């Protein structure tokens with residue numbers, strides 16, 4: 001499997017992703033990687049229903065994504081991955097999935113989160129996962145739209 005883009009955006013498939021990101025990174029598959037969403041049939045079916053018709057959409061758990069990545073069945077398939085949390089990206093990489101960079105798009109503000117930018121709020125676990133990704137040499141860019149200039153996300157966490 002060839003991963004064209006790995007993006008953290010807890011809204012998953014929405015206007016910016018459908019109208020801008022998938023045009024910039026035209027993959028065969030749009031895959032939401034989330035244990036919670038994969039276990040929720042309603043959310044899963046809603047996300048699949050709003051995906052662009054030009055792409056096959058899937059919602060899978062982290063473990064299922066690791067297995068699919070290593071399966072000969074998906075060799076040569078291009079994919080655009082969407083995540084809710086940096087911890088899930090880290091779990092994939094630890095499972096042998098090759099991801100060189102992560103686009104940090106949006107993580108909503110909630111009471112247990114610290115606001116880092118206008119569109120990104122993080123928990124202590126998120127910060128630990130981002131630091132672990134950095135230690136592995138994974139580039140982390142902050143960018144809302146493909147036309148925006150990429151900013152090193154780690155400079156925002158300091």
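The values are calculated or read from the model by the stated rules, or taken from the named source; none is laboratory data. From a predicted model like this one, the values you see are computed outputs, not experimental measurements. No Cβ is skipped: glycine too gets one built from the backbone with ideal geometry, and neighbour counts run over all protein chains shown.
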ask   = Quick one: would you say residue 49 is closer than 21 Å to residue 26 by Cβ, at pLDDT below 90 and loosely packed, with under 15 Cβ neighbours inside 10 Å?
value = no
message = Which pairs turn up if I take residues in the range 32-43 that are touching a residue at least 24 places away in the same chain (Cβ under 8 Å) and at positive phi and look for partners that are surrounded by fewer than 20 Cβ atoms within 10 Å (Cβ to Cβ) and not in a helix (DSSP H, G or I) with beta carbon separation below 9 Å, at least 6 apart in sequence or on another chain?
response = none
ask   = With respect to the numbered conditions (1) touching a strand residue (DSSP E or B) at 6+ places or on another chain (Cβ under 8 Å); (2) modelled with pLDDT of 85 or more, which one is the sole condition not fulfilled by residue 17?
value = (2)
query = Hey, among 37, 59, which residue is within 25 Å of residue 113 (Cβ to Cβ), in contact with a helix residue (DSSP H, G or I) (Cβ under 7 Å, 6 or more places away or on another chain), outside any helix (DSSP H, G or I) and modelled with pLDDT of 95 or more?
reply = 59
remark   = Among 18, 33, the single one that is surrounded by 15 or more Cβ atoms within 10 Å (Cβ to Cβ), within 17 Å of the chain's Cα centre (by Cα) and over 15 Å from residue 98 (Cα atoms) is 18
note = Picked from the range 1-15 (must be under 13 Å from residue 78 (Cα atoms) and in a strand (DSSP E or B)), the residue farthest from the chain's Cα centre (by Cα) is 2
ask   = Among 148, 112, which is over 22 Å from residue 26 (Cα atoms), at pLDDT below 95 and more than 16 Å from the chain's Cα centre (by Cα)?
value = 112
